[in-house]
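Report on the following structure.
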Amino acid sequence: MQCVHQRPVVAKMKQTLLPDDLSMSTDPSPDCELQAAQAEIAELQQQVAELMMQKDDLERQVDERTAALHDARTELLRGERMSALGQLTATVSHELRNPLGALRTSLFMIQNKTKDKELGVERALGRADRSIDRCDHIITDMLDYARTSDVQAKMGNIDSWLDSVLEEQKIPEGVEIRRDARNPEMVVPFDGDRLRRAIINSYDNACHAMADEESGKERQLTIKSALNGMRFEISITDTGCGMDDATLDKIFEPLFSTKSYGVGLGMPTIKQTMEQHGGGVELTSTPGFGTTVVLWLPTEAAALGTAAA
């Protein structure tokens, strides 16, 4: 009889407890909800980080394309300027060289006629002669800058050639010339005519920079040639007035000049000449202390020349 009374009680208990146990097992706990929220936040943060990376990448690409477009536009303008300058140079060189030649011949005859007669025209004739030289120099600068043909390089001893070029140059009064050749036997391929103009322009610039210095200051011009790592360098250092950063930034721009004469093609022509040789030009300067111009050729060519010798 006791068993009969207990069975319904047990069955009833099972019926009452079973649904409550099931409902408790299916309801999410607060910890599970927190973990799910944290996972969603982490995923969103990762997506935001990826979007920021894509944004930075797009901005970088836009900056690169903008810079490339600016460079292309600058090169196009330079090409147009070069084309116009080439046409102008052809006309100017023809129209001015002939009259300048006639003036020089006439001036020479006048100097011979007035020589030793003390007419007081010697200084005027000297100024006229220097002015003709200056005009001829301007025409030469324009022709050199407009020349875009390949260099005609030949093997040669660079230091021996450099010494011969320097011996032809006038030494300004009060200027001390120092020559330092570190590799006198170095043989390299170079275009003598082109490189000669680059050397002379650099030499003249250095002399002009020291021309207006006070008499008490040391005037020294040092020409050094040496092998430096992967380059063969010719450096020309003066103790002149130097240049500030604003001038250095513009020094290789065509038609920019710090002088009261000339057309501002000297340094651009030097840069163009060295790049046509596969090398380059570097310039450092300190206001009040002087300037150093380094003309360099690649040592690949230098090594080839040494091996051939």
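All of the numbers you see were taken from the coordinates with simple rules; none came from a lab. Worth saying up front: this structure is predicted, and the values here are computed from it rather than measured. Counting neighbours? That spans all protein chains shown, and the Cβs are built from the backbone with ideal geometry, glycine included.
List of remarks:
- When its C-alpha radius of gyration is set against 2.2 N^0.38 Å (N residues), segment 154-308 gives a value of 1.03.
- Projected-area average for segment 135-244 over all orientations - Cα convex hull basis, square nanometres: 8.7
- Label-point separation in nm, MET230 to ASP163, each point 7 Å along Cα→Cβ: 3.1
- Among the chymotrypsin sites (Phe, Trp or Tyr not before Pro) in segment 229-293, those located in a DSSP loop and surrounded by at most 12 other Cβ atoms within 10 Å of their own Cβ are TYR261, PHE289.
- Near PHE232, the amide H atoms lying under 5 Å from its own belong to LEU297, THR299; only residues 5 or more places off or on other chains count, and H is placed 1.01 Å from N.
- If R0 equals 45 Å, the separation of the Cβ atoms of GLN35 and ALA72 corresponds to a calculated FRET efficiency of about 0.25.
- Neighbour-limited loop hits for GluC sites (Glu not before Pro), segment 161-209 (at most 16 other Cβ within 10 Å; DSSP other than H, G, I, E, B): GLU168, GLU173, GLU185
- Near the amide H of VAL175, within less than 5 Å, lie no amide hydrogens of residues on another chain or at least 5 residues away, with H placed in the peptide plane.
- Packing, as the average of other Cβ atoms within 10 Å across residues, places the peptides 107-117, 135-145, 196-206, 278-288 in the order 196-206, 135-145, 278-288, 107-117, highest first.
- Inter-label distance, MET109 to GLU95: 2.6 nm, where each label sits 7 Å from its Cα along the C-beta direction.
- The alpha carbon gyration tensor of segment 213-284 gives principal lengths a ≥ b ≥ c with a/c of 1.5 or higher and a/b no greater than b/c, which makes the shape oblate.
- Annotation: extensible slack from GLU43 through GLU118 equals 17.1 nm (criterion: 0.36 nm per residue apart, minus Cα-Cα distance).
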